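Heads up: the structure comes next, in structure tokens.
The values are calculated or read from the model by the stated rules, or taken from the named source; none is laboratory data. All figures in this text were calculated on a predicted structure; none of them were measured in a lab. Glycine gets a Cβ as well: all are built from the backbone with ideal geometry, and neighbour counts include every protein chain shown. The protein model used for the area step is the full one, side chains on, heavy atoms only, and it has no ligands, DNA or RNA in it. Shrake-Rupley method; radii C 1.70, N 1.55, O 1.52, S 1.80 Å.
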Amino acid sequence: MSAAPSVGPLLGLVLVALTAVAALLVRLGRLGSSRQVAVAAVRAALQLAAVSLLIAAVLGSAGWTGLFIAGMVVVATATAGRRITGSARGRAWWAAVPIVAGVAPVLALLPASGVLPPRPVAVLPIAGIFVGGAMTATSLTGRRALDELHTRRGEYEAGLSLGMLPRDAALEVCRPAGALALVPVLDQTRTVGLVTLPGAFVGVLLGGADPIEAGATQLLVLIGLLAVEAVAVLITLELVAAGRLRDRRPDRRPDRVY
């Protein structure tokens, strides 16, 4: 008997009901726009439907798999860049540097070392997890670092008055943002198996592997994510401190900060 949910009208009704509840709670709680909840749900449904249709063709070719991963990186870069700078243009594309620098070496190491089979069906899911983790770490670090530079501008200027270089003064102010950005992946790693059963573990189990293999796969993903996100956080901090990633929102006036 399959462990996957039954695809049909009932599933659609449940998803619509959950979306409506989430949107209503966001609206009643004044947590933002309830429309964003509905848009996110619709986008997720359309995107997953498209991926489901494409995935068989993609997994049949290493070339198509590589192209698909490159596409994920582009989307992740645009998302993180827009979240950090307020725009998806110009300096926002510097967000590609921490994402690629974090994902590429770790993803290359796994099949090269023989730990992960060099097959699209094995590489693509883990690549998606790594890209998503790097995107989140980059977004959180960049956004929080710029917020810190904006709210603690006096401390930054005090550092300059003491003779610190602009980069060093900026890092002193925004470095705590990097530590905060690592909290989600650290908590996920610490509590794995106790609080949640993560996606890689469940996916491997549903694929027919035994629990030991599923646990090994999940451990590989979590430790890999720690490395990916640590690299992404450090490089994002450097880009913010160097002024490569700046807040383009008019009320922030980045040129007045550093």
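Please state, to two decimals, what the Cα-based radius of gyration of the chain comes to when divided by 2.2 N^0.38 Å (N = residues). List each step's numbers first, then the result.
Numbers: Rg = 20.6 Å, N = 258, 2.2 N^0.38 = 18.1 Å.
Expressed relative to 2.2 N^0.38 Å, the Cα Rg reads 1.14.
Return the carbon/sulfur percentage of the accessible area of the chain, one whole number, probe 1.4 Å, all protein chains in place. Intermediate results must be reported in sequence, preceding the final value.
On the way: 10130 of 14920 Å².
Reported share for carbon and sulfur atoms: 68 percent.
Which whole-number value in Å² is the accessible area per residue of the chain, probe 1.4 Å? It would help to have the intermediate numbers written out before the result.
On the way: 14920 Å² over 258 residues.
Value for the chain: 58 Å² per residue.
In percent, how large is the relative contact order of the chain, given Cα pairs closer than 8 Å and 6 or more residues apart? Walk me through the intermediate numbers first.
On the way: 273 pairs, mean separation 57.1, N = 258.
The value is 22 percent.
Across segment 20-29, in residue order, what do the Karplus-derived ³J(HN,Hα) couplings come to in whole Hz, using 6.51 cos²θ - 1.76 cosθ + 1.60 with θ = phi - 60° and x for Gly and Pro?
5, 5, 4, 5, 5, 5, 4, 5, 5, x
Among 129-138, 98-107, how do they line up by average Cβ neighbours within 10 Å per residue, starting with the highest?
129-138, 98-107
On full extension of the chain, what length is gained from L109 through L162, given 0.36 nm per residue of separation minus the C-alpha to C-alpha distance? Provide the component values of the computation, followed by the final result.
Numbers: separation 53, 0.36 × 53 = 19.08 nm, distance 4.35 nm.
Extending this stretch completely gives an extra 14.7 nm.
Along each of its three principal axes, how wide is the spread of alpha-carbon positions in segment 47-171, in whole angstrom units, largest first?
Here the Cα extents, ordered largest to smallest, are 59, 33, 18 Å.
With a point put 7 Å past each Cα toward its Cβ, work out how far S6 is from R119 in nm, to one decimal.
With each label placed 7 Å out from Cα toward Cβ, I get 3.2 nm.
Counting only Cα, what are the radius of gyration and maximum Cα-Cα distance Dmax of segment 1-76, in Å?
16.5, 48
Calculate the FRET efficiency for V14 and L180 from the Cβ-Cβ distance with a Förster distance of 30 Å, rounded to the nearest 0.05. Please report the intermediate quantities before stating the final value.
Numbers: r = 35 Å, r/R0 = 1.16.
The calculated FRET efficiency here is 0.30.
Each residue of segment 176-184 in turn: what ³J(HN,Hα) in whole Hz from Karplus with 6.51, -1.76, 1.60 and θ = phi - 60°, glycine and Pro shown as x?
In residue order, the calculated couplings are x, 4, x, 5, 5, 5, 8, 4, x Hz.
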